[in-house]
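The structure appears right after this line, and notes come after that.
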Amino acid sequence: CMSQKRFPEDFLWGGATAANQVEGAYNEGGKGLSIFDMVQFVPKEERGNDIEMDVKSKEELEALLAGKEGDNFPKRRGIDFYHRYQEDIALFAEMGFKTFRMSISWPRIFPNGDESQPNEEGLAFYDKVFDELLKYGIEPLVTLSHYEIPLNLVQKYNGWADRSLVDLFVNYAETVFTRYKDKVKYWLTFNEINISVFSPYIGSGILIDEVENKEQAVYQALHHQFIASARAVKACHEIIPNAKIGCMLARMEVYPETCNPDDVLVALDEDQKNLFFTDVQVRGYYPSFMLSYFEEKNIKLNMLPGDEEILLNHTVDFLSFSYYMSMVATANDKEKELGNFFTGVKNPYLKASDWGWQIDPKGLRITLKKMYDRYQVPLFIVENGLGAYDKMEEDGMINDDYRIDYLKAHIEQMGEAIKEGVDLIGYTSWGCIDLISAGTSEMSKRYGFIYVDQDDYGNGTLARKKKKSFNWYKNVIATNGEEL
Ligand code: P53
């Protein structure tokens with residue numbers, strides 16, 4: 001084949017997870033409760049197409065803490081990565097991973113979030129995980145906060161709504177930078193920092209019914225997170241001079257439903273509201289369209305002297321993002337047709353997953369080109385993949401050709417984007433090992449190359465098994481993306 005090589009030699013292939021979805025052992029090793037330990041599994045028959053992750057009031061939280069018969073909190077058990085990380089990492093190494101994205105659970109390090117001294121047992125656990133990765137030459141890529149806010153900070157401060165969390169977070173970040181400075185070179189601050197707009201509890205630890213002006217509280221909390229993120233960037237650069245630290249956005253590529261300028265404008269507005277987050281974290285200041293939006297909505301951000309300088313002086317080294325699907329925006333007040341978290345309108349040119357997520361590989365290329373045009377910093381895809389029901393055949397095989405098709409099509413478009421000049425430094429597919437879904441707490445929504453024997457109720461042996469996609473991805477990495 002004469003085609004020009006697509007992926008750079010040092011391209012970081014790998015897979016991604018988060019502590020809250022894999023570790024389990026929620027009350028072992030001195031760990032405190034985190035926000036997602038309080039979210040229950042709700043069967044599809046009751047949940048419908050809604051994604052509802054939020055605890056909304058003190059009352060609701062108290063009731064959850066008191067517990068009742070039949071409670072099912074899947075994130076408390078995860079897939080038992082806490083005890084099985086050696087086996088799992090050996091499988092990642094077998095696939096040839098260059099990098100493994102994971103998160104540190106903040107309440108493993110500071111169980112209540114506001115202690116003066118860290119929990120040594122928690123720190124020691126991640127030492128073991130990083131050592132295991134480095135043993136195989138796998139570079140850890142570590143998210144500081146992936147929906148793992150210590151629950152005590154919710155109870156005491158209503159989460160990021162309170163500025164106190166900035167110092168507490170920076171202290172946590174400095175603690176782990178100092179501890180792991182010789183082991184971890186790639187860091188991310190907040191996972192999908194824009195999620196707070198949809199889910200204030202999961203994104204910012206806010207019990208939304210406890211505040212008067214909801215939007216005000218969410219954007220104030222986000223301001224605190226921007227400041228905390230910028231200060232973490234500063235600390236990272238000081239403590240680990242050869243490290244790279246990035247931001248992380250749930251990217252929502254949005255198309256206008258038609259070429260009617262009204263639709264185009266609505267789509268543009270949605271796009272700006274999504275890129276607002278990376279505007280702040282990559283460019284270092286609030287974009288004017290957002291300041292106008294705040295004014296129109298009578299949102300008054302409380303900024304302290306020095307905040308603007310912090311944002312401007314400590315921008316990220318690279319931009320990372322998740323990409324699963326694209327959206328369609330319309331100026332018409334149409335009925336929401338899709339079982340989709342974010343958007344109402346169906347794209348007639350695309351197929352959707354069993355969860356209504358519209359599969360769009362070219363959308364990934366579009367988004368890569370658009371973001372690289374806008375920011376001119378290295379890009380890193382740290383989540384992408386297909387949530388699907390997998391079936392184990394009688395011979396024990398899991399033939400996930402649909403997953404291979406999805407990943408192949410997306411990687412192809414990444415290659416095209418690189419050929420077209422985009423600086424893409426890595427790709428970690430989401431849920432490289434089956435894990436608990438963030439949105440629905442299902443185990444049966446699977447993303448992995450590795451199957452985990454567990455159902456939505458925690459039944460199963462937790463045994464790991466390679467799916468068909470395992471060897472496929474292994475070959476993708478071995479050929480540096482040339483053979484798909
Ligand atoms: P699940 C919604 C839409 C896009 C990304 O999601 C999202 C969500 C939240 O559900 O979150 C990211 O597990 C997130 C991961 C999550 C993954 O997407 O609902 O960073 O923690 O697991 C997939 O299928």
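Within the range 468-479, can one find any residue that is under 27 Å from residue 191 (Cβ atoms), among the hydroxyl-bearing types (Ser, Thr, Tyr), at pLDDT 95 or above and within 16 Å of the ligand (Cβ to nearest atom)?
no
Condition (residue is outside any loop (DSSP other than H, G, I, E, B) and closer than 30 Å to residue 186 by Cβ) applied to the range 339-355: is it met by at least one residue?
no
For the range 77-123, name all the residues that are of a type in the set (A, V, I, L, M), buried (at least 16 other Cβ atoms within 10 Å of the Cβ) and over 25 Å from residue 168 (Cβ atoms).
Passing the criteria: 79, 89, 91, 93, 95.
Quick one: in the range 185-199, which of the residues that are more than 29 Å from residue 133 (Cβ to Cβ) and more than 10 Å from the ligand (Cβ to nearest atom) is surrounded by the most Cβ atoms within 10 Å (Cβ to Cβ)?
Result: 196.
Just one of 128, 156, 135 is more than 22 Å from residue 26 (Cα to Cα), surrounded by fewer than 19 Cβ atoms within 10 Å (Cβ to Cβ) and more than 16 Å from the ligand (Cβ to nearest atom); which is it?
Result of the check over 128, 156, 135: 135.
Can you work out which of the residues in the range 415-436 that are in a loop (DSSP other than H, G, I, E, B) and among the β-branched types (Val, Ile, Thr) is farthest from the ligand (Cβ to nearest atom)?
Looking at residues that are in a loop (DSSP other than H, G, I, E, B) and among the β-branched types (Val, Ile, Thr), I get 422.
The rows are residues; the columns are (1) within 25 Å of residue 175 (Cβ to Cβ); (2) acidic (Asp, Glu).
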| position | (1), (2) |
| --- | --- |
| 198 | no, no |
| 204 | yes, no |
| 212 | no, yes |
| 223 | yes, no |
| 229 | yes, no |
| 232 | yes, no |
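Could you tell me which residue of the range 45-76 is nearest to residue 26 (Cα to Cα), considering only residues that are at pLDDT 95 or above and of a type in the set (Lys, Arg)?
In this case the residue turns out to be 76.
Going by the conditions given, is residue 176 touching a Lys or Arg at 6+ places or on another chain (Cβ under 8 Å), under 20 Å from residue 237 (Cβ atoms) and either of a type in the set (Val, Ile, Thr) or buried (at least 21 other Cβ atoms within 10 Å of the Cβ) (or both)?
No.
Quick grid of which residues meet (1) outside any loop (DSSP other than H, G, I, E, B); (2) of a type in the set (D, E, K, R):
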{"site": "374", "(1), (2)": "yes, yes"}
{"site": "403", "(1), (2)": "yes, yes"}
{"site": "409", "(1), (2)": "yes, no"}
{"site": "438", "(1), (2)": "no, no"}
{"site": "469", "(1), (2)": "yes, no"}
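So how many residues does the range 302-325 have that are closer than 15 Å to residue 237 by Cα, outside any loop (DSSP other than H, G, I, E, B) and either within 16 Å of the ligand (Cβ to nearest atom) or of a type in the set (S, T, N, Q) (or both)?
Matching residues across the range 302-325 total 1.
Hey, could you check the range 223-239 for residues that are touching a helix residue (DSSP H, G or I) at 6+ places or on another chain (Cβ under 6 Å) and of a type outside the set (Gly, Ala, Ser) and say which is farthest from residue 273 (Cα to Cα)?
Applying the filter and picking the extreme gives 239.
How many of the residues in the range 92-119 are among the polar types (S, T, N, Q) and touching a strand residue (DSSP E or B) at 6+ places or on another chain (Cβ under 8 Å)?
Qualifying residue count, the range 92-119: 4.
Being of a type in the set (Ser, Thr, Tyr) and closer than 16 Å to residue 407 by Cα is the filter here; which residues of the range 345-388 pass it?
Passing the criteria: only 353.
How many residues does the range 387-404 hold that are surrounded by 14 or more Cβ atoms within 10 Å (Cβ to Cβ) and free of Cβ contacts under 8 Å to residues at least 12 places away in the same chain?
Final tally of qualifying residues: 0.
List pairs: first residue in the range 260-288 and without any contact (Cβ under 8 Å) to a residue 24 or more places away in the chain, second residue among the acidic types (Asp, Glu) and assigned to a helix (DSSP H, G or I) anywhere in the structure, Cβ distance under 7 angstrom, at least six positions apart or on different chains.
Short answer, once both residue conditions are applied: 287/279.
Please go through the range 200-225 and give me each residue that is away from the ligand (no atom under 16 Å from the Cβ) and part of a loop (DSSP other than H, G, I, E, B), ordered by number.
206, 207, 211, 212, 213, listed by residue number.
Quick one: which of 304, 319 is among the hydrophobic types (A, V, I, L, M, F, W, C) and in contact with a helix residue (DSSP H, G or I) (Cβ under 7 Å, 6 or more places away or on another chain)?
One residue alone meets the criteria, 319.
Mind listing just one residue for me: the one in the range 380-407 that is closer than 30 Å to residue 248 by Cα and of a type in the set (Val, Ile, Thr) and, of those, nearest to the ligand (Cβ to nearest atom)?
Checked the range 380-407; the qualifying residue nearest to the ligand (Cβ to nearest atom) is 382.
Mind listing whichever residues of the range 123-154 are under 16 Å from residue 202 (Cβ atoms) and either part of a helix (DSSP H, G or I) or not hydrophobic (A, V, I, L, M, F, W, C) (or both)?
Of everything in the range 123-154, those that are under 16 Å from residue 202 (Cβ atoms) and either part of a helix (DSSP H, G or I) or not hydrophobic (A, V, I, L, M, F, W, C) (or both) turn out to be 143, 145, 146, 147, 148, 150, 151, 153, 154.
The values are calculated or read from the model by the stated rules, or taken from the named source; none is laboratory data. Keep in mind that this is a model prediction, so the values were computed, not measured. Here Cβ is always computed from backbone atoms with ideal geometry, including for glycine, and neighbour counts include all displayed protein chains.
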